[in-house]
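*Asks:* I'd like to ask some things about the structure below.
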Amino acid sequence: MADLSGLQGLEYSLYRQTPEGCVAVGELKGLDTSLGYWAYSPRPAQMVYWGDRLARSGSTSLFPGWNLLGCPSPEPLELAQLSLTPTDLGPVRTLGQAVGDIHEPWLASPAYRVKGAFGLDPVDLAGAGNLQPGQAVWVYCYQALELRWQAQSASPQVKSFGDESTRPGETIILRGSQLDQVDGLTLKGLPIPAADILSKGGEQLTVRVPDWATSGQLIPYQGTRPLEPINLKIDAPDFLNMGLLMGQVEDPDGQPLAGARVEVGAREAVTGPDGRFYLPHLPSGPYVVKVERDEFRPGTGQVEISPGKLSRLLTTLNWVQPPPDRKARLFLTVYPFRLEGRLFWVRRVRVWEVGNYHRRWTENFYLDAPSRLIDWGDARLGSRVRVEITWVDGRGSERFEAWDRRIWKDWQHEYFYSPWD
């Protein structure tokens, strides 16, 4: 950031580029040095600013269309030190990859460096150029992007790596120098999960090959700056000797638990909103399964994976400290019905909590009661209730039916119709 508050006469003469066009900058504090600005001066002048010139990494938001960029680094910034990612957290690309994809390019090339008052020089974004401090560059984006930059510093170097080929689920060892400064890796533009980076040291980096991996470029990153890519050959896995595991994690009330961490051997998964997880391509054999989630006691179990088959696992975690009862209101609407020409009205509704008969409620009605809206305010969130309904006709003949319902929210509304209509 730069501070221009000490300058005079520029309050209405400084402009920046936005998706809506040029906008006057009225506040001169906290200017973003990664952006380019226009400044009007009636005479030759030198603009001096001060602030954080020592930032060595950062990011800048780019909008669709033309963007005017500055050099955010106090030293020349090589184009190879820049990377891009969509604003919705998609894959990471270098500038060369962003302009080289003929099917879905992110940037147009060349860009144009501002020269003098009105001149422009083309800049090949896929080349070996650089951004100079104090210069501005026009860049055209086809979509909203996040431009990430990393100033030059001592870079990690990969000199060798394990075998020439590997398989999904196996580990590879990268050897070189300053590998402890590697902050992440991508394979074919997709980030490798942090859980698959098994160990990291100055001269050695151990990585587990993801299950989805196919042959392509493995690119280490220092901060947001891509390093020299590695061509990684990945053989097809032996699917004939692999199986699949599908499971669900629940709380003691039978409610699905989202965000539970499941560890199966060297593999990990996280349950979704429905409490389920899915682990494909597991080599056959026995496994110890560990499940953890905040506020619950860890659970362990065993599962046998058979070649070419789907194994299922249901895990229930117990509370570390049971939560207090959470009340909920349950609304029931019960409808009358006709059977063999006779009209049956609602006579009696009884609701009780399954497994706890002391928590019950009954209401009787007159014979001529039509459809009724019933409010039971003593339900508990997460509990299962039994709803028993009795209908009666003008002759006194009764019909009875029962349903089970799970209370999953407050002010829950359930509707009941005759099963004989």
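*Asks:* Mind giving me the nanometre distance, one decimal, between the label points for Thr333 and Glu398, set 7 Å out from Cα along Cα→Cβ?
*Replies:* For Thr333 paired with Glu398, the spin-label model returns 2.7 nm.
*Asks:* A follow-up question, please. Report the FRET efficiency, 1/(1 + (r/R0)^6), for Ala126 and Ile197, where r is their Cβ-Cβ distance and R0 is 35 Å, rounded to 0.05. Provide the component values of the computation, followed by the final result.
*Replies:* Details: r = 29 Å, r/R0 = 0.82.
For Ala126 and Ile197, the calculated efficiency is 0.75.
*Asks:* Report, by chain and number, residues whose modeled amide H sits under 5 Å from the one on Ser383, excluding near sequence neighbours (fewer than 5 apart, same chain).
*Replies:* Hits under the 5 Å cutoff: Ile407.
*Asks:* Put +1 on the Cβ of each Lys and Arg and -1 on the Cβ of each Asp and Glu in region 157-234; which of Ile219, Leu174, Gln204 then has its Cα farthest toward the positive end of the dipole?
*Replies:* Positive-end residue among those listed: Ile219.
*Asks:* Over region 157-234, what relative contact order in percent results from Cα pairs under 8 Å that are six or more residues apart?
*Replies:* Reported as a whole number, the value is 34 percent.
*Asks:* Would you please classify the overall shape of region 213-324 from the alpha carbon gyration tensor, given that a ≥ b ≥ c denote the square roots of the eigenvalues, rounded means a/c under 1.5, and beyond that prolate means a/b larger than b/c while oblate covers the rest?
*Replies:* Oblate shape, in that a/c is at least 1.5 and b/c is the bigger or equal ratio.
*Asks:* How big is the dipole moment of region 157-234 about its Cα centre under a simple scheme where the beta carbon of each Lys and Arg is +1, that of each Asp and Glu is -1, and everything else is neutral? Debye, nearest 20, please.
*Replies:* With Lys and Arg at +1 and Asp and Glu at -1, about 100 debye.
Rule-based calculations on the coordinates, nothing more; no lab input. All values derive from a computational prediction rather than experimental measurement. We place every Cβ from the backbone using ideal geometry, glycine too, and count neighbours over all the protein chains shown.
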